[in-house]
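Visitor: If you scroll down you'll find the structure; I have some questions about it.
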Amino acid sequence: MTETSKSLRALSCADDYDPDSMPVAKARAYIREFLSPITGTERVAIRAGLGRVLAEDIVSPLDVPAHDNSAMDGYAVRFADLGDREITLKVAGTAFAGKTFAGELGLGEAVRIMTGAKIPEGADTVVMQEHVKAEGDRVTIGPGHRKGQNLRRAGEDLKAGQAVLAKGHALRPAELGLIASLGIGEVTVYRKLRVAFFSTGDELKSIGTALAEGEIYDSNRYTIYGMLHRLGCEIIDMGVVRDDPALLEKAFREAASMADVVITSGGVSVGEADFIKDLLEKLGEVLFWKIAMKPGRPLAYGRILGAHFFGLPGNPVSVMVTFYQFVRDALLVLQGRTDVTPLPTLRAVCTTPLKKAPGRTEFQRGFISQDASGKWVVRATGEQGSGILRSMSEANCFIILPDSQGNVAAGAEVEVQLMEGLI
Ligand code: AMP
Ligand code: MG
């Protein structure tokens, strides 16, 4: 038995542990206790690192910028040459970005300088071109300047030897640019997280086959595929598995042997849970929760044969909501991210009345937009049944109604979590 499975067992015996009424935040915190990042790494070219997680600290090999340079188009001067009245200097040459002015600035001289060009020897100040009168090889400058103005100092952005990015930082466009600015072409990132998933249910058919009476097409494998893809996982789609203990056992064993994480949908609701419960008991340690949320009441979490396991509900909206509220954060932690927090929420005025019974957190699907006065308003997207995927597809946010909340009147403020960034 591993350390992890010991603790899972201990957790299920804890005093305040109630599998029949598990608050969302508590379930999230319990899951977090059992997660540690994968350890495998690989070297990739920086562009291939987009969306991956750094597995090394990045230390700057050089000063950025490498030399003092001009922040403006203008004239590089000696501050000591300027006065409290207009003075005229001789223009000794031009400095371009990437094309340095060769000599040293003499007394009474200025150098025409472009943004990004190295400050010539002898100069210590840049006067913007808008603040001078230029005529032939002379430039006239008035009073009121400050020594060192309009200069970017060497190492002002980063100093050689300075830690720039820490292990666990996700690589977004800004990080790719930052790493490139150091002249670094390759980075060490965590390997991709391998996630295997399958749908369970005798009623499910894969697309491409005709439906017999009582059958439905399996849609969960498509939403799960999409959500995993957005998170940059390596995806192993194992298809539909019938509600048959032998077939399910085979599928669980196969999935756990190939993947870091196994996700299933369906089969964890009351009635079905008993038979899957026995099976999973045999394969590892799994907790079965009734989460105090809607949609997405049943959820199973644990370890089977060395893999993390998430047993999501079967209803299509419940699958997405439980994935975003529990699985997403967990996968980010397993991927090595050190900055994982729930996505921020904002408050908006709800323009439609909402039906809500106290006792559970609801994740209603909403559409947020700005009204004519620029105020953010949100409305629910039609029928909120846990099987109605259209409510997700028409939504751009979740309206999160806390446990204690009852019905919401039109015009009341509600908490909103944007889907963009989440998916
Ligand atoms: P279950 O939790 O297995 O009882 O499933 C709950 C509901 O979700 C049932 O109506 C199932 O038919 C439906 N369902 C389960 N799995 C899927 C799936 N992969 N695609 C679409 N609907 C599903
Ligand atoms: Mg089922």
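Visitor: For a quick protection proxy, order the peptides 296-304, 129-137 by their average other-Cβ count within 10 Å, most packed first. Please list the in-between numbers first.
Guide: Working: 296-304: 22.6, 129-137: 12.6.
Descending packing order for the listed peptides: 296-304, 129-137.
Visitor: Continuing with this model, one more query. Give me the accessible area of THR39, 1.4 Å probe, in Å² rounded to the nearest 10.
Guide: 120 Å²
Visitor: Right, something else. Of the accessible area of the chain, with the probe set at 1.4 angstrom, what percent is carbon plus sulfur?
Guide: Working: 10430 of 20310 Å².
Using a 1.4 Å probe with all protein chains present, the chain comes out at 51 percent carbon and sulfur.
Visitor: Still on this structure, please answer the following. Accessible surface of TYR222 in the full protein assembly, 1.4 angstrom probe, to the nearest 10 Å²?
Guide: 110 Å²
Visitor: Sticking with this structure for a sec: Going by average Cβ density within 10 Å per residue, which order do the peptides 273-286, 315-328, 252-265, 366-379 take, highest to lowest?
Guide: 315-328, 252-265, 273-286, 366-379
Visitor: Starting from the alpha-carbon convex hull of segment 69-152, give the projected area averaged over all orientations, in nm².
Guide: Details: hull surface 17.8 nm².
Quarter of the Cα hull surface area: 4.4 nm².
Visitor: How far is helix 245-258 tilted off the main Cα axis of the chain, in degrees rounded to 10, range 0 to 90?
Guide: 20 degrees
Visitor: OK, next. With viscosity set to 1.567 mPa s at 4 °C, what whole-number translational diffusion coefficient in µm²/s follows for the chain from Stokes-Einstein and a Kirkwood radius over Cα pairs? List each step's numbers first, then the result.
Guide: Values: Rh = 25.9 Å.
D, rounded to a whole number, is 50 µm²/s.
Visitor: What order do LYS290, LYS167 take when sorted by accessible area (1.4 Å probe), most exposed first?
Guide: Values: LYS290 65, LYS167 110 Å².
The ranking, largest first, comes out as LYS167, LYS290.
Visitor: Rounded to two decimal places and with Rh computed the Kirkwood way over Cα pairs, what is Rg over Rh for segment 59-215?
Guide: On the way: Rg = 28.3 Å, Rh = 19.8 Å.
Here the Rg-to-Rh quotient is 1.43.
Visitor: Over the chain, what is the percentage of antiparallel beta bridges among all DSSP beta bridges, to the nearest 5?
Guide: On the way: 60 of 88 bridges.
In the chain, DSSP labels about 70 percent of beta bridges as antiparallel.
Visitor: Using bins 5 angstrom wide from zero, how does P(r) for segment 257-354 break down, in % of all Cα pairs?
Guide: Binned Cα distances yield the sequence 2, 12, 20, 21, 19, 12, 7, 4, 2, 1, 0.
Visitor: If you average the C-alpha positions of segment 53-81 and of segment 291-334 separately, how far apart do those two centres end up, in angstrom?
Guide: Value for the Cα centre distance between the two parts: 48 Å.
Visitor: Also, quick follow-up: Quick one: net charge around ASP68, please, counting Lys, Arg +1 and Asp, Glu -1 for every other residue with C-beta under 10 Å from its C-beta. Don't jump to the answer; show the numbers that get you there.
Guide: On the way: positive: LYS118, ARG152, ARG153; negative: ASP124, GLU156.
Result for the local shell: +1.
Visitor: For a test of the definition: using alpha carbon positions, the gyration tensor, and the 1.5 limit on a/c, classify segment 346-418 as rounded, prolate or oblate. Don't skip to the end; give the middle numbers.
Guide: Numbers: a/c = 1.87, a/b = 1.19, b/c = 1.57.
Oblate, since a/c reaches 1.5 and b/c is not below a/b.
The values are calculated or read from the model by the stated rules, or taken from the named source; none is laboratory data. All of these numbers come straight from a predicted model, not from anything done at the bench. We place every Cβ from the backbone using ideal geometry, glycine too, and count neighbours over all the protein chains shown. Heavy atoms of the whole protein, side chains included, go into the accessibility calculation; ligands, DNA and RNA do not. Shrake-Rupley method; radii C 1.70, N 1.55, O 1.52, S 1.80 Å.
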